[in-house]
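The values are calculated or read from the model by the stated rules, or taken from the named source; none is laboratory data. Since the model is a prediction, treat every value here as computed from it, not as a measurement. Neighbour counts run over all protein chains shown; Cβ positions are idealised from the backbone, glycine included. Side chains are part of the model used for accessible areas, which takes the heavy atoms of the whole protein and leaves out ligands, DNA and RNA. Shrake-Rupley method; radii C 1.70, N 1.55, O 1.52, S 1.80 Å.
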Amino acid sequence: MEDKVILSIENLSKAFGKFYAIKKVSLQVSKGEITALIGPNGAGKTTFYNVVTGKYKPTSGRILFMGREITNLPAHKIARLGLGRSFQITNIFLENTVEENILAALVSYHRKGLSLFKGMNRYKDLLEEAHSILEMLGLKDKAQETAKNLAYGDKRLVEIGIAMAVHPKMIMLDEPTAGMTPEETERMVSMIQTLFQETGITFFLTEHDMKVVFSIAHRIFVLHQGSLLAQGTPEEIRNNPKVKEAYLGGSLDA
Amino acid sequence: METLLINILNGLCYGMLLFIISLGLTIIFGVMGVLNFAHGSFYMLGAYLGLWLALHLHSFWLALLVAPLLVGALGAISEIALLRPLYNRDVSFQLLLTFGVLLILDDAVKLIWGAGYHSIDAPKGLSGTVHLLGSTYPVYRLFIAIIGPVIAVVLWFFFHKTAWGKMIRAAAMDREMASAIGINVPLLFTAVFFFGTLLAGMAGVLAAPLRAVGPAMGDNIIIAAFIVVVVGGLGSFVGAFAGAIVLGLVEALGVQFVPHLQMALPYMLLALVLLVRPRGLFGSE
Amino acid sequence: MKGMAKIGVLVLTIAFLFLFPQFAGAFPVLFLTEIIIFSLFAMSFNLLFGYTGLLSFGHAAFFGLGGYAMALLAQHYHISMIPSLFISMVVAGASAAIIGFFCIRRDEIYFAMLTLGFGMMVFTLVHQWRSLTGGSDGITGFEVPVLDLMVKKFQLFSPWSFYYFALVVCLIFTLFLWMVIHSPFGLILRSMRENAERVSFIGIDIKFYRWIAFIIAGLVAGVAGGLFAMYDRMASPSMVHWTMSAKPVLMTILGGSRVFFGPVLGALIFYLLEHTITQYTQSWMIFLGAILIPIVIFFPEGVLGTLISWGKRFMKGAGHGG
């Protein structure tokens, strides 16, 4: 049991002034699964992500990743331990090329960042790895394009690529399909499934699209007004009356 | 002891001038996100225009009314003509553009009024000295030290009680929200730039009887005003007031207690505040 | 093809720089020396600004400290040129390490203000420490150190010999900066410029990287300052003042901060403007302002950056047409 848990949250709270965005949330994410965190807008999903990945310091509670306490570590140290993340708003290096976006993450993972004099283009191994990641994402032809010129869906893929390139043990995706067309959403979902099958990385994602959640998640947590409302398999969540109420019925069956 | 009190008065007097200047700077930054490098030059222009108008209109008070309006008008024109094309660009471009305005204004006053220093007497009724704490003190300085808080109160009412004032404050807090709730942003920006530079011009006129009016006066004050708004918290009304008093006192008391370090004190204050409170004394995170 | 054109322009420029003194009198040679030194100063600034996204308003501190170190060494110790310049560089770099330690804790406008604050503290230091620095008079009346290359010694008194020395030093440090920018470290810097927060989420301690960049920029600014003190035969407080810090800012944005040689073109434009205008009028600043404003408005990527963009668009258009 202990071994199966990769991320363990104990009584986590986060307050902004007097407002509690996260209230005493405890949950455990199992290794090698796709877990989803859902909840109506303003439920505190993004704040939860930001606290876990070190962007904000929690007000109280503990966060353990692979058995190690990461509660007050800075973001870059948490990332180094193998907890990667992507962002809801596209958060990539816009003026750099697509290849450079991935390379930056690889440079960090392989600890080449303090190499000051050897040209980047002489790191053939990193370039090859970047290309294989881009190939997996279906972006190989666009390697030399400036990231800002990509289509929205492709930018989101670069976002995932950066997160994947640091060889995470677990990856937290914040609304990977936010703002996407149905076609782009479908592409993203199959991409996540492919990545999951090929790498075996634990995925923990927030998602507003219930169809997506129920089709790929093994386990679901429901956050409502900062508190954990329910947890269980997709089937259990679908039939949970409290969840239905929180969503005012309707959209769960969409 | 007497010297100390006199220095405190001097510090307050200088602080109030700084407050009026910095308030314009901080409003412009808060609403538009532009750090106006030319702000000190608008202040200088206000001093020159005040001097010139007082001479020709034979009234300091009339000059105090007209000169700031002229400075504000010039500010509004430069906002419309020069800054507008740059709002979508990196902040550094706006900084460089206002630096260009600074260069032009600084040399323009030299061309118009010459490179020398000018002075003007304090207006009648405020020109003498009073006995204070056993020594004499210029009335005009007391006047400035008092008019600062008066202006602060008037402006506080403007910002908290009038529609325009509330709108400006709202926009200073959150620009995107301002445009979302349907505020005419270009017009607001022009109005704010007009008002901000008007304040700089007003401070210039008020400073004219107090300090030597010369081409360098803008460059000297702009850095001090930057320090005030950053120490107080960018975009903060209260911060500008507090920052100005703190800086005014630090400078005045520095002369008395640590004359060798006096030049460095404002910068030490700046660095200390920023390291301890990243967004200034009254800035919001 | 594009790479070849770039190399061609570079080779021609360097060839011109080496041949120029053969045909030019003392004044043009001195003039070009100053431009070259300021180009290096501006490029060192741009490592922070264009490549790391940090606007320093106190970069003159390191330029000035390099200059003062050089002048003091020349006045008191009479060691030869290369060790002197090396010490100046180390002095500037060490100061950058200390000042940078604090400044990199903030970013954007707050970083600019902190660098301004620390820069002006250094200014006060050199201005007030009369016994060491000569106060507002600065340090003058020293001899330019001998350049000792082991096999041969060179005197650098004449404008021509000093020009060549300054040119070689600046080219070496330009190459140094070029290598840094194109290294994995440089890629991390550019990524931080784009999105510092994202960089911390890939496991990079952004403060540490900013600090290293700050130190490198300080080291190179110190070299430029050392050269300038020798060129000017003087180290004065004006080298440390914020108005000196404004120069590389101006030059870099003028030339283009996203292009490696942007600051060089900016320095060239700045000096050519100053030289041309001051021949006709005392008030050159009004003209500088009047020229600066349209450049800022119409050249969004700086002169060189915008020209390159136009060139690319033209090539593309031509490619489609043919």
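Before moving on, here are some points about what is shown:
- Value of D in µm² per second that Stokes-Einstein yields for region B:2-276, Kirkwood Rh from Cα pairs, at 20 °C (1.002 mPa s): 113
- For the residue pairs A:31/A:244; A:31/A:169; A:55/A:77; A:31/A:57; A:169/A:211; C:6/C:247, the alpha carbons lie more than 18 Å apart in A:31/A:244; A:31/A:57; A:169/A:211; C:6/C:247.
- Between chain B and chain C, roughly 3600 Å² of accessible surface gets buried, counting both sides and using a 1.4 Å probe.
- Residue-averaged beta-carbon neighbours from other chains (10 angstrom radius) around C:285-292: 6
- Averaged over the residues of B:225-237, the number of partner chain Cβ atoms lying within 10 Å of the residue Cβ comes to 2.
- When the protein assembly as shown is described by a simple charge dipole with +1 on each Lys and Arg Cβ and -1 on each Asp and Glu Cβ, the residue from C:122, B:67, B:246 located farthest towards its positive end is B:246.
- In terms of accessible area, using a 1.4 Å probe and ignoring ligands and nucleic acids, A:46, B:3, A:206 rank largest first as B:3, A:46, A:206.
- Only protein heavy atoms count here; under a 1.4 Å probe, residue C:283 has an accessible surface of about 10 Å².
- Cα convex hull of the protein assembly as shown - mean projected area over all directions, nm²: 42.6
- Residue A:187 accessible area, 1.4 Å probe, all protein chains in place, Å² to nearest 10: 100
- Relative contact order (%) - criterion: Cα under 8 Å, at least six apart; region: chain B: 39
- Area accessible to solvent at residue A:52, 1.4 Å probe radius, in Å²: 0
- Placing +1 on each Lys and Arg Cβ and -1 on each Asp and Glu Cβ, with no other charges, gives region A:94-166 a dipole about its Cα centre of roughly 240 debye.
- Taking N as its residue count, the alpha carbon Rg of chain C over 2.2 N^0.38 Å: 1.01
- Within the accessible area of the protein assembly as shown (1.4 Å probe), percent carbon and sulfur: 64
- Solvent-accessible surface of protein heavy atoms, probed at 1.4 angstrom with all chains present, puts C:316, A:244 in the order C:316, A:244, largest first.
- Cα-centre dipole for region C:27-241 with unit charges at Cβ (Lys and Arg positive, Asp and Glu negative), debye to 20: 220
- Loop chymotrypsin sites (Phe, Trp or Tyr not before Pro), region B:82-160, which have at most 15 other Cβ atoms in a 10 Å radius of their Cβ (DSSP): B:87, B:117
- The mean sequence distance of close C-alpha pairs (under 8 Å, at least 6 residues apart), as a share of the length of chain C, puts its relative contact order at 31 percent.
- Kyte-Doolittle at least -1.0, axis length at least 24 Å by Cα - qualifying DSSP helices, chain A: A:182-199
- Here is the size of region A:30-178 from its Cα atoms: Rg then Dmax, 16.2, 50 Å.
- In the protein assembly as shown, the calculated helix contribution to ellipticity at 222 nm averages -21000 deg cm²/dmol per residue, counting -39,500 (n - 2.57) for every DSSP H run with n ≥ 4.
- Listed residues B:188, C:149, B:51 arranged by accessible area, highest first, probe 1.4 Å: C:149, B:51, B:188
- Take each residue of peptide A:106-112, count the partner chain Cβ atoms within 10 Å of its Cβ, and average: the result is 5.
- Hull-based mean projected area of region A:94-166, where the convex hull spans the alpha carbons, in square nanometres: 4.4
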